[in-house]
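Here is the structure we will look at, set down as structure tokens.
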Amino acid sequence: MRVKSGIAALSLALMMAAPALAQPVNLDVMSKIRQEAYYRSQVMQHLGTLTEDIGPRLTNSPGMTKANAWARGKFNEWGLSKVQDDPFEDFGRGWEFKAASVEMLGPRTFPLHALPKAWTPGTNGPVEGDVVALTLKTSDDLAKQKGKLKGKIVFLSDLREYKPGVEPDQRRLDDAGLAALQTFSIPANREADNAKRLKDFRDREKFGREVNQFLMDEGVLATVSISGWDNGIIRVGGGGSRRAGEAVGVPDLAMIAEHYNPIMRALKRNEKVRLRVDVDARYTSDTNDAGYNTLAEIPGTSKADEVVMLGAHMDSWHTGTGANDNAAGVAVMMEAMRILKAIGVKPKRTIRVALWSGEEQGLIGSANYVAKTFASYPLSTKPEDADLPKSLRPRTGPMQRKPAYDKFSVYFNMDNGSGKFRGIYAQENLAAMPIFEEWFKPFNDVGAKTIVSRNTGSTDHISFDRVGLPGFQFVQDGLDYFTNVHHSHLDTYDHASEADLKHNAAIVAAFVYNAAMRDERMPRKPVVEE
């Protein structure tokens, strides 16, 4: 009798576990997806509009507003439902620049290559001044320069040894590279690291505000830093302040190493270096305005109240046209939705696409959406924590779930350039791995089959993962993402791979369709409540 009961219990356990296992995919639908993605693709048209018609899409800039409107128009054209711009908290002011030039006037004349940091003021016409090189890392450093900098152009970075590139510009993952991704490193206790990171952030933000005000008060004309990369690449992010009412500092630029270093060497030789700087940049509002994500859906049928999501961030930095970071991801996610509409699928679950904003400033758009739609942690309201971004504020209690939390299945993200999908990071969700293995089978012949247990971070799927919702990022070929284009002025249409984007759109369409058609929602990892 006990033996029979044990067998019955085992059978019941296996039956209960079965939904987490892979279900056979609908190969007829997979074939239709491949045909539409490979032979009737519109992915490069999407990419071209975002990059060469609209251009840079800094959060809250006029370019981002145009991108939101264009995406809404395409979603309506394709017959998607609930097309809308979804607002998130007062992000700050918009900003844009139209032109920038830097010229050396002495000891010889020469054009210099530099571009402004986002959210820094323009010069209001050309200004001329002598160059001084300073180290400004502490309040004492500022005090030593008081009264000495009026009318100066300040170089803030040290002279840096030039390192020519020795690696190929473009890389694809070979068998050894894919195999290396299968190793998992057991994480160390990070409490001490987190405390240090929080302190460093506070100190950096406080000193940054102090420097901005000091430079303004002292009458500095402009500041210049060295680009983070060599080989003629201008890699630049934000500076100044996007928050209305805060000191924005002075015009602030990043210059290529090959032009920055000679000026620093001239100063070391005690030569007088004089520059002319002209930056046409402006804030597009005077208030802390909301940012906007753009959303749309394909309604579900028998499980319409449950949702499968796909997304990518539409905001970009301002010096290139944001082709690989991240118009490529947006083009793929939009194309996946177009494919599914074009082949006429009727998914069980609702399929929702989200084009995020504010990702480059800390996943702000996606984090806000997840918090108000699915779940969030109560955060510290102490005055000393008020200036911290929400991602760094201490938690003060267990996670608070919204009704939609239990109706959510999975989110898929793209944000690592335009390189080909080779597999997926399972984000330590081991139960999802056999499911993904089955879903990749129709794409094994085009090189996609690697399932990696480890985490990958730093983009919008983390907003879901933080609250215990399945969120995933794909394993991609790197191409020249981290050698030429990431946050650089070279992030343009010509650095994107058409064949790879077609391939990626097919896989995304297949994955969200399969997730929408599963008998059960995707399995979840245990949630850390506090």
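The values are calculated or read from the model by the stated rules, or taken from the named source; none is laboratory data. These numbers come from a predicted model, not from an experiment. Backbone-built Cβ (ideal geometry, glycine too); neighbour counts: all protein chains shown.
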| request: Output the residue which, of all residues in region 387-402 that are touching a strand residue (DSSP E or B) at 6+ places or on another chain (Cβ under 9 Å) and either hydroxyl-bearing (Ser, Thr, Tyr) or outside any loop (DSSP other than H, G, I, E, B) (or both), is farthest from PHE464 (Cα to Cα). | output: THR396
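This table checks each residue for (1) assigned by TED's automatic domain parsing to the domain that holds GLY177; (2) β-branched (Val, Ile, Thr); (3) touching a residue at least 24 places away in the same chain (Cβ under 8 Å); (4) under 25 Å from SER41 (Cβ atoms).
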residue: THR459; (1), (2), (3), (4): no, yes, yes, yes
residue: VAL485; (1), (2), (3), (4): no, yes, yes, yes
residue: HIS495; (1), (2), (3), (4): no, no, yes, yes
residue: ASP500; (1), (2), (3), (4): no, no, yes, yes
residue: TYR513; (1), (2), (3), (4): no, no, yes, yes
residue: LYS525; (1), (2), (3), (4): no, no, yes, no
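Among the candidates ASN189, ASN231, ASN212, which residue alone is part of a loop (DSSP other than H, G, I, E, B) and either of a type in the set (A, V, I, L, M) or closer than 30 Å to LEU112 by Cβ (or both)?
On the way: ASN189 fails: either of a type in the set (A, V, I, L, M) or closer than 30 Å to LEU112 by Cβ (or both); ASN212 fails: part of a loop (DSSP other than H, G, I, E, B).
Unique residue meeting the criteria: ASN231.
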| task | Tally the residues that are free of Cβ contacts under 8 Å to residues at least 12 places away in the same chain and either under 25 Å from the mean Cα position of the chain (by Cα) or part of a loop (DSSP other than H, G, I, E, B) (or both), restricting the search to region 169-182. | result | 3
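Restricting attention to region 152-168, report how many residues are under 30 Å from VAL475 (Cα atoms) and in a strand (DSSP E or B).
Taking region 152-168 and keeping what is under 30 Å from VAL475 (Cα atoms), we get 163-168.
When the remaining residues are screened for being in a strand (DSSP E or B), the result is none.
Within region 152-168, residues that are under 30 Å from VAL475 (Cα atoms) and in a strand (DSSP E or B) number 0.
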| task | Please enumerate the residues belonging to region 117-168 that are surrounded by 15 or more Cβ atoms within 10 Å (Cβ to Cβ), within 32 Å of the chain's Cα centre (by Cα) and not hydroxyl-bearing (Ser, Thr, Tyr). | result | LYS117, ALA118, TRP119, PRO121, GLY122, LEU136, VAL154, PHE155, LEU156, LEU159
| task | Answer yes if at least one residue in region 174-195 is surrounded by 15 or more Cβ atoms within 10 Å (Cβ to Cβ), among the charged types (D, E, K, R) and over 30 Å from ARG243 (Cβ atoms), and no otherwise. | result | no
| Conditions (1) at pLDDT below 95; (2) not in a loop (DSSP other than H, G, I, E, B): number failed by ASP280 | (1)
| Which of the residues spanning region 497-519 are charged (D, E, K, R) and under 20 Å from ILE298 (Cβ atoms)? | ARG518, ASP519
| query | Scanning region 183-207 for residues that are touching a residue at least 12 places away in the same chain (Cβ under 8 Å) and under 25 Å from LYS148 (Cα atoms), which turns out farthest from the chain's Cα centre (by Cα)? | reply | PHE207
| field | Failed item in (1) in contact (Cβ under 8 Å) with a residue 12 or more places away in the chain; (2) assigned to a helix (DSSP H, G or I), with GLU384 passing the rest | value | (1)
| task | Tell me which of these HIS259 doesn't satisfy, since it passes every other one: (1) part of a loop (DSSP other than H, G, I, E, B); (2) farther than 30 Å from VAL330 by Cβ; (3) in contact with a strand residue (DSSP E or B) (Cβ under 6 Å, 6 or more places away or on another chain). | result | (1)
| task | Determine the pairs where a residue that is over 12 Å from ALA296 (Cβ atoms), located within region 65-84, has a partner that is β-branched (Val, Ile, Thr) and part of a helix (DSSP H, G or I) with Cβ atoms under 6 Å apart, the partner being 6 or more residues away or on another chain. | result | LYS66/ILE54; ALA67/ILE54
| task | Quickly run through region 43-91 and pick out the residues that are out of contact with any Lys or Arg (no Cβ under 7 Å at 6 or more places or on another chain), small (Gly, Ala, Ser) and under 16 Å from ILE339 (Cα atoms). | result | ALA71, SER81
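Picking from LEU295, LEU253, LEU267, which residue would you name as being assigned to a helix (DSSP H, G or I) and out of contact with any His (no Cβ under 8 Å at 6 or more places or on another chain)? Working first, answer last.
Working: LEU295 fails: assigned to a helix (DSSP H, G or I); LEU253 fails: assigned to a helix (DSSP H, G or I).
Just one listed residue meets the conditions, LEU267.
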